[in-house]
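Let me begin by presenting the structure, written as structure tokens, before commenting on it.
The values are calculated or read from the model by the stated rules, or taken from the named source; none is laboratory data. The structure presented is a predicted model; accordingly, all values stated were derived computationally and were not measured. No Cβ is skipped: glycine too gets one built from the backbone with ideal geometry, and neighbour counts run over all protein chains shown. Accessible surface areas use protein heavy atoms only, side chains included; no ligands, DNA or RNA. Shrake-Rupley method; radii C 1.70, N 1.55, O 1.52, S 1.80 Å.
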Amino acid sequence: MNEQGPVKADGSIPPELARARAWILTDGKAGDENQCIGIAEALGIPYERRRIPDGRPLTWMAPWGPIDPRDAPGRAGGLLQGPLPDLLIASGRRAVPYLRAVRRASDGRTFTAFLKDPRTGHDTADFIWVPDYDDLRGPNVFTTLTAPHPVSRARLDAARITPDPRLAGLPWPRIAVLIGGDSRHLRYRKADMQRLVRDLTKLAEGGCSLMLTVSRRTPPDLRAALENLVKDKGGFFWDGSGDNPYIGMLAIADHIVVTSDSANMVGEAASTGAPLLLFDLPRTYIRHRRMFAGLAMAGALKPFIGRLEALRYAPIDATPEIAAALAEAYRQHRARWARDEATESSVQRSAASASAPRGPF
């Protein structure tokens, strides 16, 4: 396996994968879809995205309920129309019933991979990845410290060779600041926002160049305060216009400040090898704290308290490892199918021979 996935020394991918028709199935949530894309790209295979439309009946019953009958496999105009794929990579609670439907309709021929705990048991899919901090285990469950993502080494290297012109002129040290936002389980309090702006101001006044990107979930007051900080102290604030500078920011960052509400962003930041400074928020998931503790033990992460930290570690990226494990499971799955089909063909030939009319001698 090379740096970019389970490919051969000559740069080709195994024939079992090279011939595969792949779907990525999610409800369109960026975090779920990006994890699936990261794996597909690490495998080096083309893929088709299938997104569960908003407002579909029965999705409120997921992961246990059925799919919308309009989306039945093979039904024209439905989500699962057309020939079923060889490989299905899915993520998200609402995708679980659709994965089961594909598995049934293909009689198990489609290899199904699910990223994160489906909440319906390890036998829901042929291959399941979960982070180390999750409890799900089983013979087909693969675990790693960080999640899969599309921030590949190749993308980072390319962004370093040709830096984003909006960022290239910023003086050193350049600090990428990755801001998440409110969710169902976590809210940015006024005190949290004030503390974050205060500590970032310390960096800016100390001569650091801030490169800021916010989320759609970022509270408006915090977004405005951060934008004003950059206007006052210099740096870069992405307002959503032009190309997304996310990879470019990660690639050239000397340090990365990231908020604790997004384990995905923390994992992506860890793939750079740059020191990680975690802005901790109350009510951060205990499970995510286990991941952060693992990164701290690896020498990659310290709390952000308004100053830079000297941290050295090798980039941490589990995506190629997960892709290699999935590729091996896929190879074994295809080999079993080939054996079963050969056995079935042999039985059918024997039955046909036994039932053929015999001559008088």
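Tabulated data
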{"read-out": "Candidates ALA263, ALA293, ALA310, ALA314 - the one that is in contact (Cβ under 8 Å) with a residue 60 or more places away in the chain and not acidic (Asp, Glu)", "value": "ALA263"}
{"read-out": "Complete set of residues in region 237-251 that are in contact with a Pro (Cβ under 8 Å, 6 or more places away or on another chain) and within 19 Å of LEU276 (Cα to Cα)", "value": "GLY248, ALA251"}
{"read-out": "In region 51-91, the residues that are in contact with a strand residue (DSSP E or B) (Cβ under 7 Å, 6 or more places away or on another chain) and open to solvent by 10 Å² or more (accessible area, probe 1.4 Å)", "value": "ARG51, LEU79, ASP86"}
{"read-out": "Candidates ILE256, ILE252, ILE305 - the one that is within 20 Å of the chain's Cα centre (by Cα), β-branched (Val, Ile, Thr) and over 24 Å from ASP135 (Cα atoms)", "value": "ILE256"}
{"read-out": "Failed item, numbered, when THR218 is tested on (1) open to solvent by 20 Å² or more (accessible area, probe 1.4 Å); (2) in a loop (DSSP other than H, G, I, E, B)", "value": "(1)"}
{"read-out": "Selection status of GLY306, out of contact with any Cys (no Cβ under 9 Å at 6 or more places or on another chain), closer than 21 Å to ASP192 by Cα and modelled with pLDDT of 95 or more", "value": "yes"}
{"read-out": "Residue check for GLY267: over 21 Å from the mean Cα position of the chain (by Cα) and among the small types (Gly, Ala, Ser)", "value": "no"}
{"read-out": "ARG287 being surrounded by fewer than 15 Cβ atoms within 10 Å (Cβ to Cβ), outside any loop (DSSP other than H, G, I, E, B) and of a type in the set (Lys, Arg)", "value": "yes"}
{"read-out": "Residue list for region 101-113, restricted to those being buried (at least 21 other Cβ atoms within 10 Å of the Cβ) and either part of a strand (DSSP E or B) or in contact with a Ser or Thr (Cβ under 7 Å, 6 or more places away or on another chain) (or both)", "value": "VAL102, PHE111, THR112, ALA113"}
{"read-out": "Failed item in (1) assigned to a helix (DSSP H, G or I); (2) touching a residue at least 60 places away in the same chain (Cβ under 8 Å), with ARG223 passing the rest", "value": "(2)"}
{"read-out": "Leading residue by the ranking (most open to solvent (accessible area, probe 1.4 Å)) among those in region 114-159 that are part of a loop (DSSP other than H, G, I, E, B) and aliphatic (A, V, I, L, M)", "value": "LEU145"}
{"read-out": "Residues within region 170-210 that are open to solvent by less than 10 Å² (accessible area, probe 1.4 Å) and either of a type in the set (Asp, Glu) or assigned to a helix (DSSP H, G or I) (or both), tallied", "value": "5"}
